Amino acid sequence: MIAAPQAAVYEKLSDLRNLEAFKENVPPDKVKDLTFDADSLSFEMPPMGKIVLQIVEREPCKCIKFGTTVSPLPFNMWIQIVPTSDCACKIKVTVGMELNAFMKVMVQKPLQEGLEKMAERLALISY
């Protein structure tokens, strides 16, 4: 739960430069070389390698969709922002990825844990 209106959360998250302070919360052993511009973020994730996410669609106040432009495993990600009242909302981070059964077993748990941590960290940002 985020104690801020849906529009304020969307405004902050839809310009990725606003997440610069987020860098301090990222464990350096998990993510390296995290950089942002208005529409993309880039990072190195050992042992996977470099990942670049680009915003591909913005649905004002509701959703921000991302696609990978560089990644060993291409995927899409979206952040949904759902109001719970006039001055609070919640976010949901979802990843869409085409994987064979073998790869799915290998990455499903770490990916789920990573998404949960990402949502927790996004909820801590000052909106």
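General remarks:
- Among (1) 14.5, 44; (2) 15.4, 47; (3) 19.2, 72, the entry that matches Rg and Dmax of the Cα atoms in Å as calculated here: (1)
- For region 1-115, with +1 on Lys and Arg beta carbons and -1 on Asp and Glu, the positive-most of Val26, Phe102, Met77 along the dipole: Phe102
- Ala123 paired with Lys12, simple spin-label distance in nm, labels 7 Å along Cα-to-beta-carbon: 1.4
- Total charge dipole magnitude, the chain, about the Cα centre, Cβ charges on Lys, Arg, Asp, Glu only, Debye to nearest 20: 280
- Per residue, the chain exposes 62 Å² of solvent-accessible protein surface, assessed with a 1.4 angstrom probe and all protein chains in place.
- Mean Cβ neighbour count within 10 Å, used as a protection proxy, ranking 87-93, 114-120 highest first: 87-93, 114-120
- Degrees separating the helix 101-124 axis from the principal Cα axis of the chain, which is the longest one: 30
- Put the Cα centre of region 2-26 next to the Cα centre of region 49-119 and the gap is 15 Å.
- Region 56-127 - Rg (one decimal) and Dmax (whole number), Cα, Å: 14.0, 44
- A Gaussian network model of the chain, with springs between Cα atoms under 10 Å, assigns the largest mean-square fluctuation among Glu57, Glu44, Glu113 to Glu113.
- Surface composition of region 1-125: carbon and sulfur make up 56 percent of the accessible area, probe 1.4 Å.
- Set of region 99-113 residues, backbone N closer than 18 Å to the point 7 Å along the Cα-Cβ line of Val56: 99-100
The values are calculated or read from the model by the stated rules, or taken from the named source; none is laboratory data. Quick caveat, the model's predicted, so the values are computed rather than measured. Counting neighbours? That spans all protein chains shown, and the Cβs are built from the backbone with ideal geometry, glycine included. Surface areas here come from the heavy atoms of the whole protein model, side chains and all, with no ligands, DNA or RNA. Shrake-Rupley method; radii C 1.70, N 1.55, O 1.52, S 1.80 Å.
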